[in-house]
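J.: Okay, here's the structure, questions in a sec.
The values are calculated or read from the model by the stated rules, or taken from the named source; none is laboratory data. Predicted model, so just to flag it, every value in this text is computed and none were measured. For neighbour counting, all protein chains shown are included, and Cβ atoms are generated from backbone atoms with ideal geometry for every residue, glycine included. Heads up: the accessible areas ignore ligands, DNA and RNA and are worked out on the full protein's heavy atoms, side chains in. Shrake-Rupley method; radii C 1.70, N 1.55, O 1.52, S 1.80 Å.
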Amino acid sequence: MQAGQELKKFTFAVIAWTAAMMLFVALRYSLAQGGTDWDATVADVATIVLYLGTILGCLHWLSNLIAATSPLRRMNYLTIVVFKGVFLLVGALGLVKITIWINTWTPAPELDRHYNELTQSLLDSSSTQVLLAYFVWVRLCLAFFEQMVLLVGSRNLLNMGLGNYHRPRQEERVFLFIDMVGSTAHAEVLGDFQFSRLVQDCFDLLSGCVTRQHGEIYRYIGDAAMISWDLNPSRNLEHSLDLYHEFVQLISWHKDYFEEQYGFVPRFKGAVHGGRVMTAVVGVNKQEISYFSDVINTLARLQDQCGPLKKNLLISGQIRHRLGDNPNYQLEAIGPMRLKGKQHEVEVYAVTAPSTAVAPGSFDPRF
């Protein structure tokens, strides 16, 4: 699954840089005054565009991968952007050197004459500065776009861009709400700085689980997080349960790290509930997509019962009925409960960990 996600990022980088180079080449040679001293065919232009787009896409993807799996990920955003830009510039300069070097020992000069002339004209001294400046501009634009995706999610970014949520619209969503057990006591012992690092480490692991289980981070609330899925595909109900158990198991696998850094292994409780919600963009100076429904309130009250019931994961009766019979989970009927602030009782079920293991490759090498 992790390899699949990286493949998507790699594909996006190559396509984005290929499109950027296609635009540059089109503008560069369509605006050239007096034409050029060589005749370039469509195949010639396509070759150089694909060549540059693939190489620059590889550099782009590699810089993102290094930044995400190294201590750079904990540095400020400006430092990360500068690193990615310098990495791309160094790679681009290396590309210029390699391209010119290759064109000096081509075994078939006559056959490759057009490609040599096209490449040299693109990379000659009068154009190199413009080309490198264009690289920087494209890299900054892509970095901004990628940061927007990280902040609001790809689906939400698309819907906000299309204006789908400027008027409230009804959706059916399922939510997983997880919260650290004993967080107040942990914060007092560790102090604010160390506790904040603990939350960062935990949610770094959670982000990988969310990606693998096709969820969306709705909101971080201190040491708690809320993840959502579309309720219609029944598989998403399983994803919500799989995510919780995968997250708990990942923390267990990294227990040596947590014990060394913080002196204990954090535990999380969770609850799953879903139904109809109203989705809308709220705010003026700072906007976000919010969900409005009694579903959110019920979810929070349901999660509060994990402590008194001494259960790690609770689900509502509505989710239990939609889930059906699933051999991967052991469901224990708690019975109807009057949750705080609710007029009607809610059926509550406890879920124990499935016997299946977490998917291979889930172990996070950053820890």
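J.: Taking amide hydrogens as modeled 1.01 Å from N in the peptide plane, which residues meet the under 5 Å criterion relative to VAL181, leaving out close sequence neighbours?
T.: ARG267, PHE268, LYS269
J.: Normalising by the residue count of region 174-287, find the relative contact order in percent from Cα pairs under 8 Å and 6+ residues apart.
T.: Reported relative contact order: 40 percent.
J.: Could you state the orientation-averaged shadow area of the convex hull built on the Cα atoms of region 156-301, in nm² to one decimal?
T.: So the mean shadow area of the Cα hull is 9.5 nm².
J.: Read phi for every residue in region 85-93 and hand back ³J(HN,Hα) as whole Hz from Karplus 6.51 cos²θ - 1.76 cosθ + 1.60, θ = phi - 60°, with x for Gly and Pro.
T.: x, 5, 4, 5, 5, 4, x, 5, 5
J.: Taking a quarter of the surface of the Cα convex hull of region 263-319, what do you get in nm²?
T.: Seen from a random direction, the Cα hull of region 263-319 projects 6.2 nm² on average.
J.: Where Lys and Arg each count +1 and Asp and Glu each count -1, what net charge lies around ILE334 among other residues with Cβ under 12 Å from its Cβ?
T.: That sum, taken over residues with Cβ under 12 Å, equals 0.
J.: Then there's this: Heavy atoms only, probe 1.4 angstrom, no DNA, RNA or ligands counted: give me ARG197, ARG322 ranked by accessible area, highest first.
T.: ARG322, ARG197
J.: What is the projected area of the convex hull of the Cα atoms of region 125-180, averaged over all directions, in nm²?
T.: Here the figure is 6.9 nm², rounded to one decimal.
J.: Expressed in nm to one decimal, what extension gain is obtained for the pair ARG74 and ASN328 from 0.36 nm per residue of sequence separation less their Cα-Cα distance?
T.: Length difference between fully extended and current span is 87.8 nm.
J.: If we count every other residue with Cβ under 13 angstrom of TYR77's Cβ, Lys/Arg +1 and Asp/Glu -1, where does the sum land?
T.: That works out to +2.
J.: Right, next: Keeping every protein chain present and rolling a 1.4 Å probe, give me the accessible area per residue for region 135-233 in Å².
T.: Per-residue value: 50 Å².
J.: Label-point separation (nm) for GLU260 and ARG338, each offset 7 Å from Cα along Cα-to-Cβ?
T.: Output for this residue pair reads 5.2 nm.
J.: Also: How much net charge surrounds HIS344 when only the other residues with a Cβ under 11 Å from the Cβ of HIS344 are counted, with Lys and Arg +1 and Asp and Glu -1?
T.: -1
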